[in-house]
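K.L.:
Sharing a structure below in structure tokens format, with a few things to ask.
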Ligand code: B3K
Ligand code: ZN
């Protein structure tokens, strides 16, 4: 269905609808290609709306079978129905009336995975953002809150399980082997939160008693036989429910909470009220099939969707421009949850790495948009790192500015004031202004202005005056459709670190803009003077990554080394070392362009060994510190004229230098971290594995490396170690028999498990070097691969384009061409998936000229295709603009 009208939606055009739909009753008679949907809508004229206002409902590819008003068939002249719209020009003049609609759907041919579709024989829905209109005509917008009653009818043998939102009211048998269930959700909700699942699934059940003593029945539904893989998800759910009570005072509100795992899904998961639907990748796990990263993702996503019950469902968004109101906030909440369940500093470092890897390039490229966009053509293309991740950072900054207690008071007020409403970003900011008495208007620019602010910082110390001065200058680069930027309020946590490694208790700044260890930068140029500072301190800035900015700090290398060892803020300690590594890699890149061999400062290389062996640091922290900036990170820092091959060589040279000069330490540590006890996915055990696998990555460079990795693979007792060894073998020693044997053994063992085979696909797709393209092309023919399943596509094509700098960016352009054709093939079936994949080309302008030309050709190949979906056209045209 092509519904690209080229229409642009604008924030300033928002106006309430003339009608509302207080009650919605739906009856589904399920059939693979002829499902009938009967919608009985109670429609009311909104207070103050004109009696002459037409009723205009949205559809998407619908077939209308029947229409009645207040129980009487409607004359053909009294309405206009097209697949995409239903208009009743002159609805009854009564304040309320009943509209009955019957539509017919074909779930089994719905390959876009929006609306009602089938996956592995299971009926399943996805309505966010605008999928409900593929089920029935409706006021399909988030500010229309309705109470839903849903009756599902299906043959008992094909679909013994019938689920929808809310509480189950009634079940019973029907003629001809059919049965039914009636669900009622007492909480008014927008249509995007509607869900239905019907099929034959296994279940893990449990229960949870809320803080006020109500018992909630919990279910995690998975394919039969996979129940034992769902226990971790269930455990994560219960921990999330408890945590939201403790951290935010939020209790669950229905008698039932269900999670269903399905194998064809466009995203990670969906927070439908009382019935979360998940990509099975984020539910199923055990030590044999899931890595530590998988466990952490499952925990985070289970939590995220559960937390939406309050931030998203009880309080929803007035319109889709406000998406960050639920997404940024809920990401912030799941980050805090994971930080509490695991190691806070390690979690923070990982978050910042992700933000920089995904959000920074978005903010610095053609797809840049504010956390709250002002216009869109296709809302599905705005479920972005900016809305989610930067949106979360903005919430974190509010907490930094207000302090934890005041922040909590603001959240309490938000829940109290807006429960049951469709709210806006302004409403959210206002609660914090109201509880704190602060003016957050300048701060609110973070929602409205795109681009990553840069701070240029210099310092000076006057020993005679015992004065230390910091000068900070802010600038926000221009982004598409915003060439001039306003000055922002940037909260910068900082410390002045003395030569003993302790923070200096300075006499205070001369400045009201410095509060509790935070400099509030609000002007273009900000000078802070500290008095009573006898010796020159090292400046530790943006501690904990208090603001999502880039820093250009004029800093002595000496200070950076010192902070890397002694900063009391663990994030900043990691940051200092990472900055040193990045600078060295950029220098090596420049040498490489000039044909010179890369050389690295000895101190930097030695520090890797010192950090690796520092028993005072957590294992996971050490693993993160030792993990060199990725090729894409380096490219982003260089910014333009990128030659990915030269970056690759520089990075490899640094890795080799670290391995060679620290061989003894790394080997010893590698040996000592071997673990033979029972597997546990907890953070400490995962950290130990992460460090050992990181050490293996270095040791594999040295003579005998292939044998060592091959032994590691053979001895592995869990998926984390097995997958790590396989990746290292394949990436570093791909041509060896050991690598080939390991890939074959892995395939032999996991052939029947598509989620595990996704790792096998990804490992091969991310092997560096031009030759990988042919490998990937060949793997598209692998029997376990299919272009119809989003997980398979992301595992092979997606990672090839986003995590293989050298092969994707092959100088001859063959990587781009292959990718563009794959995107077009996918687009015919699933526009949303294709559009998401296509964003992999967003940084094309930072490449060197030849590659730029080739990438542009690939983009033009896509944009020149006729009849492109709105989703893909929007991405490609903005990318080219
Ligand atoms: N709200 C969903 C994402 C919906 C994406 C629609 N294109 C999952 C989440 O963020 O929790
Ligand atoms: Zn979300």
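K.L.:
For residue 409, state whether it is surrounded by 14 or more Cβ atoms within 10 Å (Cβ to Cβ), free of Cβ contacts under 8 Å to residues at least 40 places away in the same chain and under 17 Å from residue 370 (Cα atoms).
P.N.:
no
K.L.:
Continuing with this model, one more query. Is there a residue in segment 706-713 that is more than 27 Å from residue 605 (Cβ to Cβ), surrounded by fewer than 21 Cβ atoms within 10 Å (Cβ to Cβ) and touching a helix residue (DSSP H, G or I) at 6+ places or on another chain (Cβ under 9 Å)?
P.N.:
no
K.L.:
With (1) surrounded by fewer than 20 Cβ atoms within 10 Å (Cβ to Cβ); (2) within 24 Å of residue 654 (Cβ to Cβ); (3) at pLDDT 95 or above as the list, and residue 556 as the residue in question, which single condition is left unmet?
P.N.:
(3)
K.L.:
Checking residue 321 against (1) more than 14 Å from ligand 1 (Cβ to nearest atom); (2) in a loop (DSSP other than H, G, I, E, B); (3) crowded, with 23+ Cβ neighbours inside 10 Å, which single condition isn't satisfied?
P.N.:
So the condition that residue 321 fails would be (2).
K.L.:
For segment 235-275, how many residues are away from ligand 2 (no atom under 16 Å from the Cβ) and either free of Cβ contacts under 8 Å to residues at least 40 places away in the same chain or not in a loop (DSSP other than H, G, I, E, B) (or both)?
P.N.:
The qualifying residues number 15.
K.L.:
Keeping to segment 375-407, report how many residues are part of a loop (DSSP other than H, G, I, E, B) and over 21 Å from residue 831 (Cβ atoms).
P.N.:
Within segment 375-407, residues that are part of a loop (DSSP other than H, G, I, E, B) and over 21 Å from residue 831 (Cβ atoms) number 1.
K.L.:
From 204, 220, grab the single residue that is away from ligand 2 (no atom under 16 Å from the Cβ), assigned to a strand (DSSP E or B), in contact with a helix residue (DSSP H, G or I) (Cβ under 6 Å, 6 or more places away or on another chain) and more than 18 Å from residue 165 (Cβ to Cβ).
P.N.:
Going through 204, 220 in turn, the sole match is 204.
K.L.:
Suppose we filter segment 98-109 for residues that are over 15 Å from residue 57 (Cβ atoms), touching a strand residue (DSSP E or B) at 6+ places or on another chain (Cβ under 6 Å) and surrounded by fewer than 20 Cβ atoms within 10 Å (Cβ to Cβ); how many remain?
P.N.:
The number of residues fulfilling the criteria is 2.
K.L.:
Which of the residues spanning segment 60-90 are assigned to a strand (DSSP E or B), in contact (Cβ under 8 Å) with a residue 12 or more places away in the chain and out of contact with any strand residue (DSSP E or B) (no Cβ under 7 Å at 6 or more places or on another chain)?
P.N.:
In the first step, residues of segment 60-90 are kept if they are assigned to a strand (DSSP E or B); the result is 64-69, 72-73, 80-82, 85-88.
If we keep only those that are in contact (Cβ under 8 Å) with a residue 12 or more places away in the chain as well, we get 64-69, 81-82, 85-88.
82 - this is the single residue of segment 60-90 that is assigned to a strand (DSSP E or B), in contact (Cβ under 8 Å) with a residue 12 or more places away in the chain and out of contact with any strand residue (DSSP E or B) (no Cβ under 7 Å at 6 or more places or on another chain).
K.L.:
Ok, one more. Being within 16 Å of ligand 1 (Cβ to nearest atom), modelled with pLDDT of 95 or more and either within 16 Å of the chain's Cα centre (by Cα) or buried (at least 20 other Cβ atoms within 10 Å of the Cβ) (or both) narrows it down to one residue among 331, 352, 346; which is it?
P.N.:
Sole residue among the options that is within 16 Å of ligand 1 (Cβ to nearest atom), modelled with pLDDT of 95 or more and either within 16 Å of the chain's Cα centre (by Cα) or buried (at least 20 other Cβ atoms within 10 Å of the Cβ) (or both): 331.
K.L.:
Now for a separate question. With respect to residue 93, determine if the residue is more than 11 Å from residue 19 (Cβ to Cβ) and outside any loop (DSSP other than H, G, I, E, B). Before you say what the answer is, go through the steps one by one.
P.N.:
Working: more than 11 Å from residue 19 (Cβ to Cβ): yes; outside any loop (DSSP other than H, G, I, E, B): no.
Judged against the criteria, residue 93 is not a match.
K.L.:
Looking at segment 758-790 only, could you name the residues that are outside any loop (DSSP other than H, G, I, E, B) and surrounded by fewer than 21 Cβ atoms within 10 Å (Cβ to Cβ)?
P.N.:
If the condition is that a residue be outside any loop (DSSP other than H, G, I, E, B) and surrounded by fewer than 21 Cβ atoms within 10 Å (Cβ to Cβ), then 762, 774, 775, 777, 778, 779 are the ones that fit.
K.L.:
Filter segment 806-816 down to the residues that are assigned to a helix (DSSP H, G or I) and buried (at least 24 other Cβ atoms within 10 Å of the Cβ) and list them by number.
P.N.:
Passing the criteria: 807, 808, 815, 816.
K.L.:
Now for a separate question. Could you please let me know if residue 17 is touching a residue at least 40 places away in the same chain (Cβ under 8 Å) and part of a loop (DSSP other than H, G, I, E, B)?
P.N.:
So residue 17 fits the description; yes.
K.L.:
Sort out which residues of segment 283-309 are within 12 Å of ligand 2 (Cβ to nearest atom) and either free of Cβ contacts under 8 Å to residues at least 24 places away in the same chain or over 23 Å from residue 354 (Cα atoms) (or both), and write them in order of number.
P.N.:
309
K.L.:
Considering only segment 116-162, state which residues are within 16 Å of ligand 1 (Cβ to nearest atom) and in a loop (DSSP other than H, G, I, E, B).
P.N.:
Correct list: 127, 128, 129, 130, 131, 135, 140, 141, 142.
K.L.:
Might you let me know whether segment 496-512 holds any residue that is within 30 Å of residue 388 (Cβ to Cβ) and not assigned by TED's automatic domain parsing to the domain that holds residue 371?
P.N.:
No, that holds for no residue.
K.L.:
Among the residues of segment 359-372, write down those that are surrounded by 24 or more Cβ atoms within 10 Å (Cβ to Cβ) and farther than 14 Å from residue 453 by Cα.
P.N.:
367, 372
K.L.:
Also, I was wondering about something else. Could you tell me which numbered condition residue 297 fails, if it satisfies all but one of (1) within 27 Å of residue 378 (Cβ to Cβ); (2) crowded, with 24+ Cβ neighbours inside 10 Å?
P.N.:
All conditions are met except number (2).
K.L.:
Quick check on residue 315: is it within 27 Å of residue 875 (Cα to Cα), within 14 Å of ligand 2 (Cβ to nearest atom) and touching a helix residue (DSSP H, G or I) at 6+ places or on another chain (Cβ under 7 Å)? I'd like the intermediate steps shown before the answer.
P.N.:
Working: within 27 Å of residue 875 (Cα to Cα): no; within 14 Å of ligand 2 (Cβ to nearest atom): yes; touching a helix residue (DSSP H, G or I) at 6+ places or on another chain (Cβ under 7 Å): yes.
No; evaluated as a whole, the condition is false for this residue.
The values are calculated or read from the model by the stated rules, or taken from the named source; none is laboratory data. Fair warning: this is a prediction, and the values are worked out from it, not measured in the lab. We place every Cβ from the backbone using ideal geometry, glycine too, and count neighbours over all the protein chains shown.
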